Amino acid sequence: MEMDSTKRARTESYRAATDALTANESKEDAAVLVNEQALSSPSTNSAAPVPSQANKVDAVAVSAVIPQVVKEQNVVVVKTRKTPGNTIDDLKKEVQMDEHQISLDELIARYSSNIEKGLTSAQAKTYLERDGPNALTPPKTTPEWIKFCKNLFGGFAMLLWIGAFLCYLAYTIDAFTKENVSKDNLYLGVVLMTVVMITGCFQYYQESKSSKIMESFKKMVPTYALVRRDGEKIHLPTEKLVVGDIVEVKGGDRVPADIRIIKATGLKVDNSSLTGESEPQSRSPECTSPNPLETRNVAFFSTNAVEGTAVGVVICTGDNTVMGRIAHLASGLESGQTPIAKEIERFIHLITAVAMVLGLVFFAIAFLLGYHWLTAVVFLIGIIVANVPEGLIATVTVCLTLTAKRMAKKNCLVKNLEAVETLGSTSTICSDKTGTLTQNQMTVAHAWFDGSIKVCDTEEHVIASQDALGEDGTTQNALLRVAALCNRAEFKKSGQEDKPILRKDCTGDASEIALLKYSELSIGSVEQYRLKNTKVAEIPFNSTNKYQLSIHETSDTKQGYLLVMKGAPERILGCCSTILLNGKEVALTSQLKDDFEKAYMELGGMGERVLGFCDLRLNSDDFPTGFAFTTEDPLNFPIGGLRFVGLISMIDPPRAAVPLAVSKCRSAGIKVVMVTGDHPITAKAIAKSVGIISADSETVEDIAARKGSRWTRSIQARRLQL
């Protein structure tokens, strides 16, 4: 009982914390003081006094919540009842937690864990029983029998059932009042029941079939995590992870829970599942922000590690993760009626009103003409049933089903038949950019070398290139050599031989993957080239240095080691004293620096990400074979006086089918709107490339620049208000 009350207190206090507003809310809002010590007090059934995930803050101000505080065994239990309409406020609130700010020793002690050995099986079992599995709670689903009844008795079907009932009623009246009874009403009632039952069952079958397909997608690939338990490293299903578990993550893995980074080596994560943007974010043990959503020492559940390795401690699981909270809020949003449901409801009201009016009018006329009242009632029922369009529901269901089957042939699964008509009623489509209009993968677009910008042709159908990269020669060769060697991205090994290069799966940073694929298209096998030029030292990219550096042995050892570097263009240029032009090394003059600046601005103005590249041959006398390079400060090799070789720019290209889809939407009278947080130049370039805007269209920023400062101030003011 004590364990149950403790668990309930933690759960309820977490809900209160989730609904908290800022401290300057109205004094009439209830204030709930959560006693952290009381909540974390040991219970008789608990293995250790470990706080639950709900215990995140010491005190919160709660609005839109009516609290009832009950003390049980020195534990404050907060029972809350939320009022409707606060989901938008909830979405705007920041996550309340302190696990990213406290010291690592304190965090490990909080969960009674051990960095080297992890949790014990007994501890893990206790925490799993307390917090539940590490999985998102699926939204409440409608029971199958209710779905079946809705299809059988909902909407227009109910009108047919009423019509069938009236037919049986009319037949019954005739049977008791006439000797020779006509069976027309009986047959009509049977027909109406048959139609509504067949169409209802057919519609239920179609929707149930789609739902089962969607459920099967979720169970296709179970996920596992590498966990330290009882002093051993084991692979566990992610559902069995608990707070305090020590997990290991490497490039290509999905982060199995919200984790605090203990140590990391070049770890970058793709947060596109949370933010929609695929630009990898670095993760390290340092706390860089009090906001847990912005600090670098927390990696979130469902994000992907694109490169590097890390060890972390699980701080949130399941519904308590950031992804779980977002999913919970999103699942609480109610969807309104579909357009076809509204239209059918309006049609039913209209038909019912017309039928009732006509029936009553003719009933009154028949009664006034001297007919027996039972005969007049039968006449009334006949008028009402005659106005029921019994073939309409079958026609609508068949049409929607045929449309759904045609869409299924184009890999579009229809979960609800009514959604087919909703799609046809669409007037405006607001679409995200990254991953929807674009491929969610960086692709090399342009390169600048030998004083001019070149367009890089990356064809999707190319499976392999027959070209080979020479050790010396043109500036382009030197640029591709740096792009291939100063790169940690790799192609995945299994079963990709027949895939086009651009469609092969890779591990690594999105920008490095783009460079890898472009190098593979241009020079052939990058893997073989790297084997010939073994990496002996490396400095990974970080936000402080803004460059990545590696040193390689070359096939000609007499020429010495080759140092290659890439990074922010201005940072790379600052490390160089010479530049390679037309295969010849020349001094880096102010004129050449101006040319670099113009090219950099032009490529950046096209909404592309630009990287600079340089190299240096290390003197074999100073750096003989077997030299031990030190990559920690102080370095024992030069990173100045390098040779600049060029720039490469990348962009997330639009999907091939998007321009045609946008064109078809326009021809159907549908307005397409792209919603993105990207720079206006990037957004404008993508929108033009897919046909959302024309070449001479203007963005808000373009209009502001043309109209002058008053427009600029007005736009800024509007954005502040928004």
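Listed values, structure above:
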| quantity | calculated |
| --- | --- |
| Output for segment 662-687, where each listed residue is without any contact (Cβ under 8 Å) to a residue 24 or more places away in the chain and buried (at least 16 other Cβ atoms within 10 Å of the Cβ) | Ala687 |
| Residue tally, condition assigned to a helix (DSSP H, G or I) and under 33 Å from the mean Cα position of the chain (by Cα), over segment 557-569 | 1 |
| Any hit, segment 570-587, residues being within 30 Å of Thr275 (Cβ to Cβ), in the same structural domain as Gln476 (by TED's automatic domain parsing) and crowded, with 16+ Cβ neighbours inside 10 Å | yes |
| One residue from Leu159, Leu166 being surrounded by 19 or more Cβ atoms within 10 Å (Cβ to Cβ), modelled with pLDDT under 80, part of a helix (DSSP H, G or I) and assigned by TED's automatic domain parsing to the domain that holds Ile383 | Leu159 |
| Residue pairs meeting the criteria (Cβ under 7 Å; at least 6 apart or on separate chains; first on the phi > 0 side of the Ramachandran plot, in segment 526-547; second exposed (fewer than 15 other Cβ atoms within 10 Å of the Cβ)) | Lys546/Arg571 |
| Any hit, segment 543-556, residues being surrounded by fewer than 18 Cβ atoms within 10 Å (Cβ to Cβ), touching a Ser or Thr at 6+ places or on another chain (Cβ under 9 Å) and closer than 18 Å to Glu307 by Cβ | yes |
| Residue within segment 438-451 that is in a helix (DSSP H, G or I) and out of contact with any Gly (no Cβ under 8 Å at 6 or more places or on another chain) present | no |
| Qualifying position, being crowded, with 18+ Cβ neighbours inside 10 Å and either assigned to a helix (DSSP H, G or I) or more than 39 Å from the chain's Cα centre (by Cα) (or both), among Leu647, Leu616 | Leu616 |
| Of residues in segment 257-305 being among the acidic types (Asp, Glu) and buried (at least 16 other Cβ atoms within 10 Å of the Cβ), the one farthest from Leu549 (Cα to Cα) | Asp258 |
| Conditions (1) basic (Lys, Arg); (2) modelled with pLDDT of 75 or more; (3) under 30 Å from Val314 (Cα atoms); (4) surrounded by fewer than 17 Cβ atoms within 10 Å (Cβ to Cβ): number failed by Lys140 | (2) |
| Failed item in (1) touching a residue at least 40 places away in the same chain (Cβ under 8 Å); (2) assigned to a helix (DSSP H, G or I), with Leu380 passing the rest | (1) |
| Criterion (over 26 Å from Asn636 (Cα atoms), of a type outside the set (S, T, N, Q), outside any strand (DSSP E or B) and at pLDDT 90 or above) met by exactly one of Leu573, Leu603, Leu592 | Leu592 |
| Residue list for segment 306-328, restricted to those being surrounded by 24 or more Cβ atoms within 10 Å (Cβ to Cβ), under 24 Å from Asn114 (Cβ atoms) and within 21 Å of the chain's Cα centre (by Cα) | Cys316, Thr317, Asn320, Thr321 |
| Matching option when the condition is outside the structural domain of Asp270 (by TED's automatic domain parsing) and modelled with pLDDT of 80 or more, among Thr474, Thr422 | Thr474 |
| Residue, nearest to Leu128 (Cα to Cα), within segment 225-269, restricted to residues that are at pLDDT below 85 and assigned to a strand (DSSP E or B) | Thr265 |
| Subset of segment 383-419 [closer than 22 Å to Glu343 by Cβ, outside the structural domain of Val357 (by TED's automatic domain parsing) and outside any helix (DSSP H, G or I)] | Val414, Lys415, Asn416, Leu417 |
| Ile501 being under 26 Å from the mean Cα position of the chain (by Cα) and among the aliphatic types (A, V, I, L, M) | yes |
| From Val385, Val354, Val361, Val398, residue being closer than 25 Å to Phe156 by Cβ and in contact with a Cys (Cβ under 7 Å, 6 or more places away or on another chain) | Val385 |
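The values are calculated or read from the model by the stated rules, or taken from the named source; none is laboratory data. Because the structure is a prediction, the values reported are computed rather than measured. Note that we place each Cβ from the backbone using ideal geometry, even for glycine, and neighbour counts take in every protein chain shown.
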